[in-house]
Amino acid sequence: MAFKRLDGLSTADLAGKEVLVRVDFNVPMQDGAISDDTRLRAALPTLEFLRANGAKAILLSHFGRPKGQIEPSMSLAKVAPALGALLGQNVKFAADCKGHIAQNAISQMQNGDVLLLENTRFYAGEEKNDPQLAKEMAALGDLYVNDAFSAAHRAHASTEGITKFLPSFAGFSMARELDHLDKALGSPTRPILAIVGGAKVSSKIDLLENLVAKVDYLAIGGGMANTFLASLGINVGKSLCEPELLAKAKAISAAAAKNKCTILLPQDVVVAKEFRADPPVRTCLPNEVASDEMILDAGPKSVAALSAIMEKCKTIIWNGPLGAFEMTPFDAATVAAAKAAGKLCQAGQLIAVAGGGDTVSALNHAGVADEFSFISTAGGAFLEWMEGKALPGVTALEK
Ligand code: AMP
């Protein structure tokens, strides 16, 4: 992928420079404390590189949805000490992302310092991609680095507008993400298998339509597989199903056939009469589901068939669980398939990239997070990329 990278710059380009870095510090909080600092850690390689090269790092981020108002509960002030602890250096905070408060704080910075600016979404112009706001933020620095892939699907002032005013580069975390995504779907080694699960077809129509044109095999699992089974005339009983999308499911299957993409549906299913953990269950063929039963997971034959396809493939791209994985025993297919993919990845036989929504927690639950080639923690941006859409924050960094 041809985009401008921060690691293409040297000390000569960076020493003494004021570098605006767009990070995604929209971290989950519980009782006033950061409950998961993954997003802070993701920024460390870029910040350490800037420090090592004598630049001043000035960080821009959104936090929550203040909708253009100053919302003290959504201030980024509390994030600065947590970042400082990870970086091993004091991180100062400025209570505005533009104007004299930010400028004053920047004027006091030494080379190698890090300054976090206040929530960009305190200005309505952020989400409107207002050129005036973008220009005022750009006025704070000499260079711009975007290290927030997870915010790159939105054309906002701090992700896209600002790039019109400053030389702009992808940070380390952004570049790592783009490189892996490119290997998985941009220019993948074939054959390629996409595994798409999750609750509903309705939220993944664009994604399925894009994938059938690009991959060799498309495994459909989770609640959304029920709609595909129903489109074949199978009675799925009380299962989650979207009858209004049967024609869409047929159209997607037809497009797959036209593109020589093989669709894999569950060959056997795990059913229960109640949607709760550990109810009485049985495994049956999809056309054996009784009218008072619901499909809550794929069965062992389905997993074996999927694993056999994995053996033939060189690349896997995965979004969405194969069953209602939050409840036992309906995590079984997701866990078994994830382990099979993780093992092949570890053996160097394939590249497996996953991401989006519940996928991260499903794969963490399966204990394979470290075995996959890459797991993206970006939700919406990962899905939009899988849908084949251009991400404005990324397009703005292209050469
Ligand atoms: P998504 O956010 O679209 O990836 O959907 C993830 C959700 O789909 C999870 O909460 C799963 O519990 C749910 N899910 C997966 N399979 C089923 C199923 N067969 N029936 C109901 N919900 C399911």
Residue check, Thr46 modelled with pLDDT of 95 or more and touching a helix residue (DSSP H, G or I) at 6+ places or on another chain (Cβ under 7 Å): yes
Out of Asn119, Asn111, which single residue is closer than 23 Å to Pro66 by Cβ and either touching a residue at least 24 places away in the same chain (Cβ under 8 Å) or touching a His at 6+ places or on another chain (Cβ under 9 Å) (or both)? Asn119
Give region 91-109 a look and list any residue that's closer than 14 Å to Glu136 by Cβ and among the polar types (S, T, N, Q), or say none. Gln103
Inside region 324-340, can you point out the residues that are open to solvent by 10 Å² or more (accessible area, probe 1.4 Å) and of a type outside the set (A, V, I, L, M)? Phe325, Glu326, Thr328, Pro329, Asp331, Lys339
Does Met386 meet the test of being within 14 Å of the ligand (Cβ to nearest atom) and out of contact with any Asp or Glu (no Cβ under 8 Å at 6 or more places or on another chain)? yes
So which pairs qualify, if the first residue must be in region 324-341 and of a type in the set (Asp, Glu), the second must be within 12 Å of the ligand (Cβ to nearest atom), the Cβ gap must be under 7 Å, and the two must be at least 6 apart or on different chains? Asp331/Gly323; Asp331/Phe325; Asp331/His365
Thr377 passes all but one of the listed conditions (1) within 14 Å of the ligand (Cβ to nearest atom); (2) over 21 Å from Pro191 (Cβ atoms); (3) in contact (Cβ under 8 Å) with a residue 60 or more places away in the chain; the exception is number (1)
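Given the options Gly125, Gly141, name the one that is closer than 22 Å to Arg39 by Cβ, modelled with pLDDT of 95 or more and small (Gly, Ala, Ser).
Selected residue: Gly141, the only one of Gly125, Gly141 that is closer than 22 Å to Arg39 by Cβ, modelled with pLDDT of 95 or more and small (Gly, Ala, Ser).
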For region 319-358, how many residues meet the condition of being within 11 Å of the ligand (Cβ to nearest atom) and modelled with pLDDT of 95 or more? 13
By residue number, the members of region 263-310 that are assigned to a loop (DSSP other than H, G, I, E, B), small (Gly, Ala, Ser), within 16 Å of Phe325 (Cα to Cα) and open to solvent by 10 Å² or more (accessible area, probe 1.4 Å) are Ala277
If we keep just the residues of region 189-208 that are away from the ligand (no atom under 16 Å from the Cβ) and open to solvent by 30 Å² or more (accessible area, probe 1.4 Å), which is farthest from Lys260 (Cα to Cα)? Thr189
Taking region 124-165 and keeping residues part of a loop (DSSP other than H, G, I, E, B), among the hydrophobic types (A, V, I, L, M, F, W, C) and open to solvent by 20 Å² or more (accessible area, probe 1.4 Å) leaves Ala139, Ala155, Phe165
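The values are calculated or read from the model by the stated rules, or taken from the named source; none is laboratory data. Keep in mind that this is a model prediction, so the values were computed, not measured. Using ideal geometry, Cβ is built from the backbone for each residue, glycine included, and neighbour counts are taken over all protein chains shown. The protein model used for the area step is the full one, side chains on, heavy atoms only, and it has no ligands, DNA or RNA in it. Shrake-Rupley method; radii C 1.70, N 1.55, O 1.52, S 1.80 Å.
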